[in-house]
Amino acid sequence: MLHAPASPQADLQSEPNDFSAILAEQTDRLLAQHVTPACLKAADGGVFPAAAWEAVSDAWLPLALVPEAAGGVGLDAPAAAQILRRSGYHALPAPLAETMLGLALWSAAGGAAVEGPVSLATGLLRLAFGTILAEGTMAHVPWAGAAGHVLAIAEAPDGARHLALLPRAAYTIVPRRNLANEPRETLHIGTAPLGPDALLPLPAPLAGPDGLMLFGAFARAQQMAGAMERCLDLAVAYANERKQFGKPIGRFQAVQQMLAVAAGESAAAGAAAQVAATAWNTDQFPLAVAIAKARCGEAAGKVAEICHQVHGAMGFTQEHVLHFITRRLWAWRDECGNDAHWQERIGRMVCAQGGAALWPRLVALRAAANGDRGTQP
């Protein structure tokens, strides 16, 4: 009989982390209870899963990365990444990733507590003068209709950039959806003043060329890593159940080889995502995220293809859960920068320091993964 491989992050941790294991287990239980096939079908039709969101909010999952002193849970990034992976594993149709990172970044900038879901806009706002927003448009903003606020970077006429928290009244929405039928709205920004507490100095981690897209890519890499684990679990289970010529198809060598390839891709992607989590808040974070997003995006297509081949026509039916996962993989790999974008970023980062610096940089990245936190970005 085939068995699903162990989660790759277990091999990367130098010491067993009982808390992370308990956290992942509890998150799994909560999401398995609330993210049901009926919930996914309803979300596919545009219904926001209020009960599921209330459950994750009551568990304080959106506050995972906010320090305890600021009213949050105060988890480290690898533990919080476990939550994002489990949300991807269960295809949670709610803005947990966006809210978790949005609240963490806003808190890091010194912002006050924010209630309700928060979205991230990877575009650039313009300030007409002072705290007055200029008219503009921002595309592909996830869950903006469900969010009470949208976090964005705003640029003043003198070129200075700020972190801005837009209230719902500052924009109107044109509904859009991605391949997985998740909301990715277009926002029309009107000329409006922001409150004195809604515009803060830009934190150092957001000063790079990708801004908020770097953190969106981090979230999507974690979600894809979890979704690929789910696809593989479903494919292995189906291969052990589906019989052909009197025996489970999982006993055929060709199917075993396909699943081995999918397992390898999932493990490699999961390892890259885990390194990005351990590099959080170090100077290696941008490179680690670029590698993770590119590697997860590359693996997502292969894993989805193989798992659908194993399931045959069954995986494409509305009655089977697989398509909810694979459609998210196909959508997420292109969001917050596709493979080509992040591969170019990797090349530019390497070339900027010269070939002689490549090996030391890889060593530093591995050191960050092993717990040497390094310097702040």
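The values are calculated or read from the model by the stated rules, or taken from the named source; none is laboratory data. Keep in mind that this is a model prediction, so the values were computed, not measured. Reconstructed Cβ throughout: ideal geometry from the backbone, glycine too, with neighbour counts over all protein chains shown. These accessible areas exclude ligands, DNA and RNA; they are computed on the full protein's heavy atoms, side chains included. Shrake-Rupley method; radii C 1.70, N 1.55, O 1.52, S 1.80 Å.
Values for this structure:
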{"read-out": "Rounded, prolate or oblate (a/c below 1.5 giving rounded, otherwise prolate when a/b exceeds b/c) for the range 166-297 by Cα gyration tensor", "value": "oblate"}
{"read-out": "Length-normalised contact order of the chain in % [C-alpha pairs under 8 Å, at least 6 apart]", "value": "17 percent"}
{"read-out": "Nearest-ten-degree value, helix 322-332 long axis tilted from longest Cα axis of the chain", "value": "40 degrees"}
{"read-out": "Candidate lysines for bridging to Lys293, where Cα separation is under 23 Å - those fewer than 8 sequence places away on the same chain excluded", "value": "Lys302"}
{"read-out": "Total formal charge among the other residues, if their Cβ is under 11 angstrom from that of Leu84, Lys/Arg +1 and Asp/Glu -1", "value": "+2"}
{"read-out": "The range 157-307 - percent of accessible surface contributed by carbon and sulfur, probe 1.4 Å", "value": "58 percent"}
{"read-out": "Beta bridge orientation in the chain: antiparallel %, DSSP, nearest 5", "value": "80 percent"}
{"read-out": "Integer Hz, Karplus 6.51/-1.76/1.60 couplings in order for the range 95-104, x for Gly and Pro", "value": "x, 5, 4, 5, 5, 4, 6, x, 5, 5"}
{"read-out": "Mean Cα-pair separation over length for the range 203-314, i.e. relative contact order, pairs under 8 Å, 6 or more apart, %", "value": "38 percent"}
{"read-out": "Highest-fluctuation residue, Ala235, Ala267, Ala128 considered, GNM on the chain with Cα pairs under 10 Å", "value": "Ala128"}
{"read-out": "For the chain, cysteines whose Cβ has no other cysteine Cβ within reach (under 4.7 Å)", "value": "Cys39, Cys296, Cys336, Cys351"}
{"read-out": "Rounded tilt (10° steps) of 358-369 against the dominant C-alpha axis of the chain", "value": "80 degrees"}
{"read-out": "Probe 1.4 Å, all protein chains present, accessible-area order of Phe245, Phe285, largest first", "value": "Phe245, Phe285"}
{"read-out": "For the chain, calculated [θ]222 nm from helices alone, where every DSSP H run of n ≥ 4 adds -39500 (n - 2.57)", "value": "-16000 deg cm²/dmol"}
{"read-out": "Residue with peak Gaussian network fluctuation, the chain [Cα springs, cutoff 10 Å], from Thr186, Thr317, Thr326", "value": "Thr317"}
{"read-out": "Label corresponding to Cα Rg over 2.2 N^0.38 Å when calculated from the structure given, among (1) 1.32; (2) 1.04; (3) 0.99", "value": "(3)"}
{"read-out": "Exposure rank, largest accessible area first [Lys41, Lys247, Lys293; 1.4 Å]", "value": "Lys41, Lys247, Lys293"}
{"read-out": "Beta bridges by DSSP in the range 104-186, antiparallel share as percent, to the nearest 5", "value": "70 percent"}
{"read-out": "15 Å Cα-Cα reach of Lys41 towards aspartates and glutamates, excluding residues that sit fewer than 8 places from it in its own chain", "value": "Glu182, Glu319"}
{"read-out": "Shape of the range 54-195, Cα gyration tensor, a/c cut at 1.5", "value": "oblate"}
